[in-house]
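A short reminder: the numbers here are calculations on the coordinates, not readings from a lab. Computed from a predicted model, the values in this text were never measured in an experiment. In this analysis, Cβ positions are derived from the backbone assuming ideal geometry, glycine residues included, and neighbour counts consider all displayed protein chains.
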Amino acid sequence: MSTQTMEKNANHATTAPAFLSVWDLHAYYGESYIVQGISFNVHEGEILALLGRNGAGKTSTLRAIARLEEPEARKGEIWLDHQPLHSMKSHEASQAGLGLVPEDRRIIPGLTVEENLKLAQIAPPIGWSLERLYDLFPRLGERKNQDGVTLSGGEQQMLSIARALARDIKVLLLDEPYEGLAPVIVDEIEKTLNVIRDQGLTTILVEQNAVRALQLADRAVILDTGGIVFDGTAAEVLDNAELRAEYLAI
């Protein structure tokens, strides 16, 4: 299936200039050619669902955007708010405004919830003070003195997202945020993502639960064997049973 033309979503217009642009991105894992020259745009304040079957290249794309792969394992251009991320190392891309929440969450053992947040927080905080983070995640405020690794899976996911926000990021990259979580916790995290979207944060979401991701997202990019087979609104995917069956098995 050819790449679809981007259309206006009910809430967000894709005619605005791109905030994050991925151009001719290639990524390798060892000898395997995983991401094969993909290009797409993400607009400021929208949630983009990056979808596809296992092995389609979703996580490799996130890692390449975050500059986590070795230089010889990736090619292409990535621009964030007019800054060339493709010429940066991972810590520089992080400082430029990227916040990756990995699937394994990577909570630092031996540190409390608040210490995990303070370690990530810029000084002085510009947009996300501890008080604001605790307002967004009340459970974290209740457990701020608890060792982060002793939290439940859902609470650890909240902490991982809050830790990314603490650095006053421009783009949130989420890799399988619903993995292993009860539906009620997924509901809670989705409400939070809607709140931060309404406050202008841009998000790229990789998630195997494609229906939940599409219900949350403004737009969707579907990968298949390292290439893009769809780029359009999330509503289009939800309305296209043939597309979902062929590329998402739903």
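Some values worked out for this structure:
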item: Hits in segment 47-71 - residues which are touching a residue at least 24 places away in the same chain (Cβ under 8 Å), charged (D, E, K, R) and more than 14 Å from P177 (Cα to Cα); result: R53, R63, R67, E69
item: Top-ranked residue of segment 30-46 - restricted to ones that are polar (S, T, N, Q) and in contact (Cβ under 8 Å) with a residue 60 or more places away in the chain, ranked as nearest to L100 (Cα to Cα); result: S39
item: Residue tally, condition over 18 Å from S39 (Cβ atoms) and among the hydrophobic types (A, V, I, L, M, F, W, C), over segment 203-235; result: 9
item: Candidate set: segment 73-92, residues that are touching a strand residue (DSSP E or B) at 6+ places or on another chain (Cβ under 8 Å) and free of Cβ contacts under 8 Å to residues at least 40 places away in the same chain; chosen: the one farthest from Y29 (Cα to Cα); result: P84
item: Tally, over segment 145-165, of residues that are crowded, with 18+ Cβ neighbours inside 10 Å and either of a type outside the set (G, A, S) or under 14 Å from I108 (Cα atoms) (or both); result: 13
item: Scope segment 44-82; condition in a helix (DSSP H, G or I) and surrounded by fewer than 16 Cβ atoms within 10 Å (Cβ to Cβ); matching residues; result: P71, E72
item: Segment 159-186, residues that are more than 25 Å from F19 (Cα to Cα) and not acidic (D, E); result: L159, Y178, G180, L181, A182, P183, V184, I185, V186
item: Which numbered condition R106 fails, given (1) farther than 24 Å from L20 by Cα; (2) surrounded by 15 or more Cβ atoms within 10 Å (Cβ to Cβ); (3) touching a Ser or Thr at 6+ places or on another chain (Cβ under 9 Å); result: (2)
item: Filter result (in contact (Cβ under 8 Å) with a residue 40 or more places away in the chain and either touching a Ser or Thr at 6+ places or on another chain (Cβ under 6 Å) or of a type in the set (K, R) (or both)) within segment 167-195; result: R167, K170, V171, L172, D175
item: Any hit, segment 26-40, residues being touching a Ser or Thr at 6+ places or on another chain (Cβ under 9 Å), buried (at least 17 other Cβ atoms within 10 Å of the Cβ) and not in a strand (DSSP E or B); result: no
item: Failed criterion for L140 (all others in (1) within 19 Å of I204 (Cβ to Cβ); (2) surrounded by 19 or more Cβ atoms within 10 Å (Cβ to Cβ) hold); result: (1)
item: Complete set of residues in segment 143-166 that are assigned to a loop (DSSP other than H, G, I, E, B), among the aliphatic types (A, V, I, L, M) and either under 22 Å from T202 (Cα atoms) or without any contact (Cβ under 8 Å) to a residue 40 or more places away in the chain (or both); result: A166
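Conditions tested, residue by residue: (1) in a loop (DSSP other than H, G, I, E, B); (2) touching an Asp or Glu at 6+ places or on another chain (Cβ under 9 Å).
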| site | (1), (2) |
| --- | --- |
| R106 | yes, no |
| I122 | yes, yes |
| I126 | yes, yes |
| R132 | no, no |
